[in-house]
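Following: one structure in structure tokens, then a few remarks.
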Amino acid sequence: MEITTEEFNVLSEYIHRKSGICLPIEKKYLIQQRLMPIIKKLNLNSFMELYDRLAYSSNSNLEHEIIAAISTNETLFFRDDHPFETLHKHIFPKFCTNINGEDSQCKINILSIGCSTGQEPYSIAMAAHEYVQANCFISKIKIEDFNILGIDISSDVLLKAESAQYNDIEIKRGISDERKVKYFNKEGNDWIIKEKIRDIVEFRKINIVKSFMMLEGFHIIFCRNILIYFDRETKQNILKQLLNILTDKGILIIGASENLFCLSDNFESRSFGSTLFFEKKMEA
Ligand SMILES: C[S@@+](CC[C@H](N)C(=O)[O-])C[C@H]1O[C@@H](n2cnc3c(N)ncnc32)[C@H](O)[C@@H]1O
């Protein structure tokens, strides 16, 4: 069964309205491929029948299933490495020490947007643990001073993130042997993240295309490899909200292939090593 242009148009408009994800006509094959299993499962005869179900039955389970099928959940531990090194060497010290280099009151709230199956927030937690260990003789900072919140639109990926359970292939993508011993327990064929790391990470289901102003007070926001899926207007709306939930001089870290060019004037771009990141302007 091949999706027609009319079917593509109504379904891509629906997906855009619900999740902000933009699907240009070149992505017709993606809708066809990813929605076909749902069509078969529901015994439907066409993509238009699927759209009719969505549009006229207010079935929120089906809506979630469609968004989850369309979303790209690709992720890995310590993706691109350098942002986590920058956290350790440059960003954590910025929030944990005062201008004399002494300990300052330190509670660091970190948000991981589009956290998928959890590898990103857990990598941040491991980086925080390593920062605490490396500074234990000169600083009073404790691992409990870090709070990390992972958010995603998809319940399926969040369930997996909360389980903190990964297979060998997932572990091999980014976890060194040293970190495997330090942060994971073996259970059957899988690996479960140790409590000391899980204890500082929480997850919530939030669609960032809608309002997420119930969140506040983040010092650092990871918003990596998600803005690329949205159109310009949606990106601008998200950035406005990010600005409001960041503390003064809060830091925004985006993906390697993303930029804020012409999207917002309220962030100052900064770099450390290979990491380009953005600092909220004081007056913003
Ligand atoms: C490609 S993954 C990126 C994962 C991780 N940030 C990384 O860089 O490895 C994008 C994630 O964004 C989530 N996502 C897509 N649209 C979203 C929305 N409107 N609100 C919240 N999360 C969304 C998807 O479910 C997916 O898990």
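The values are calculated or read from the model by the stated rules, or taken from the named source; none is laboratory data. Keep in mind that this is a model prediction, so the values were computed, not measured. Don't worry about glycine lacking a Cβ; one is built from the backbone with ideal geometry, like all the others, and counts go over all protein chains shown.
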- Residue check, Lys18 against (1) within 16 Å of the ligand (Cβ to nearest atom); (2) modelled with pLDDT of 95 or more, all met but one. Which one? (2)
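Could you list, in sequence order, all residues of segment 109-141 that are without any contact (Cβ under 8 Å) to a residue 60 or more places away in the chain and either assigned by TED's automatic domain parsing to the domain that holds Glu65 or of a type in the set (A, V, I, L, M) (or both)?
Ala127, Val132, Ala134, Ile138, Ile141
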- Item | Selection count, segment 223-242, where residues are buried (at least 17 other Cβ atoms within 10 Å of the Cβ) and not polar (S, T, N, Q) | 10
- Query: Name the helices (runs of 4 or more DSSP H) wholly within segment 109-222 that hold at least 2 residues that are of a type in the set (Ser, Thr, Tyr) and crowded, with 19+ Cβ neighbours inside 10 Å?
  - Reply: 119-134
- Item | Selection status of Glu2, on the phi < 0 side of the Ramachandran plot, in contact (Cβ under 8 Å) with a residue 24 or more places away in the chain and either among the aliphatic types (A, V, I, L, M) or more than 16 Å from the ligand (Cβ to nearest atom) (or both) | yes
- State yes or no: is Thr97 polar (S, T, N, Q) and crowded, with 17+ Cβ neighbours inside 10 Å? yes
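Could you tell me which of the residues Asn207, Asn225 is at positive phi and near the ligand (Cβ under 10 Å from one of its atoms)?
Details: Asn207 fails: at positive phi.
Result: Asn225 is the single residue among Asn207, Asn225 that is at positive phi and near the ligand (Cβ under 10 Å from one of its atoms).
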- State whether the residues of segment 58-71 include one that is crowded, with 17+ Cβ neighbours inside 10 Å, modelled with pLDDT of 95 or more and not in a helix (DSSP H, G or I). no
- Item | Contacts under 8 angstrom Cβ, first residue in segment 142-161 being farther than 18 Å from Ser211 by Cα, partner in a strand (DSSP E or B) and among the small types (Gly, Ala, Ser), 6 or more apart | Ile148/Ser112; Leu158/Gly150; Ala161/Gly150
